[in-house]
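What follows is one structure encoded as structure tokens, with my remarks underneath.
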Amino acid sequence: MRTTFFIRVTFTIISMSVIFISCSNTSNSKVSNQSEEGVQLNWKVSENDTLVYRTVINQIEDSSQDILNGIDSVNSKNDNFSREFYEKIKGLYNDTNLTTTLTNSKNFDNVLNIETIAGSRKNDSIKNSSQPTPLIAGTVLRGSIYKTGSLHSFWLKRTQKNVVSLFFELPEKHLEKGDSWSLNNVNFLNNSQDFICRKAEKKNHITLNEIIEKEGRSVAIIEYDLLEFVSGESSSTSLFSTKEEGTKTEMTFVFKAQAEFSIDEGKWISYNGIMSLKSSGMINLNQKQKFALIEQD
């Protein structure tokens, strides 16, 4: 059975949710990256140091009932499984804690290893309650990046590259206030040969808005503005939809974030973003999530 539109959209949500990883570190380096040519953003991790990041994911909007209604409208022996599967995915990260570490690679020079581990966020007072157990545990992301900012782990799957690039990739050039750059390794929307595209738009714009002094350190204020949009027709019916072939389909992914990067210490001070995913046609979906990156001691 060919992969359905619902499954593609669902796993897009999963992969994008996994990637929202908190950012911080404990590097004590005070070497300045400022010069007459501008500033350069590099990761700085001492030989025996570890950068630790935690993420907070809060769902703002969710029109998942549209999906569930579509599932219920199909007379299939897989209906119960489909509804249960989606309900689990919907709450996948409600009780999950994502912790990311950056450490120096033992195999490559000037490379940082990135690993994200998922675990339960439940405290002792509710461990024995009837609340659901997280579906994911253990390592959910493993990649690497050069200290100068470019992607090192070129071999990763697309969704894993999205994670590393979105939150850890930095431009390999000197920057001045107002300079912009793009992330070359991100691609969030995913469709198969069943989708016939009539219109598409992509924006990938990151800007250094300001360079300020904050608590005795030089800080780069960075803004992320990403958009992916496709519109066309789905050329086959879905297991979860009774609509005919040629159904008009649109998908829109938007990510906007504001972040503060310590130039001297080589780390994120803060990173706050909003991700939204909308689709219409075979499946109606409207999800919006807030992602906050919190520094850990």
Seminar exercise, completed: Answer check: region 152-196, Cα atoms, Kirkwood Rh, Rg/Rh ratio of 1.10
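Sorted by average packing, counted as other Cβ atoms within 10 angstrom per residue and highest first, what order do 205-216, 259-270 take? All intermediate terms of the calculation are to be shown ahead of the outcome.
On the way: 205-216: 13.2, 259-270: 20.2.
Top to bottom by mean Cβ count within 10 Å: 259-270, 205-216.
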Exercise. Can you work out D for region 150-242 in µm² s⁻¹ from Stokes-Einstein, where Rh is the Kirkwood radius over C-alpha pairs, the temperature is 25 °C and the viscosity is 0.890 mPa s?
Worked result: 152 µm²/s
Seminar exercise, completed: Filtered pair list for region 164-297 (Lys only, Cα < 17 Å, 8 or more apart or interchain) has a length of 15
For this session: Heads up, I need the accessible area for Phe188: 1.4 angstrom probe, whole protein in place, Å², nearest 10.
Result: 10 Å²
Exercise. What residues have an amide H closer than 5 Å to that of Leu183, excluding those fewer than 5 places away on the same chain, when H is modeled at 1.01 Å from N in the peptide plane?
Worked result: none
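The values are calculated or read from the model by the stated rules, or taken from the named source; none is laboratory data. Note that the structure is predicted; figures quoted are calculated from it, not measured. Note: ideal-geometry Cβ built from the backbone for every residue, glycine included; neighbour counts use all protein chains shown. These area figures cover heavy atoms from the full protein model, side chains too; ligands, DNA and RNA do not enter into them. Shrake-Rupley method; radii C 1.70, N 1.55, O 1.52, S 1.80 Å.
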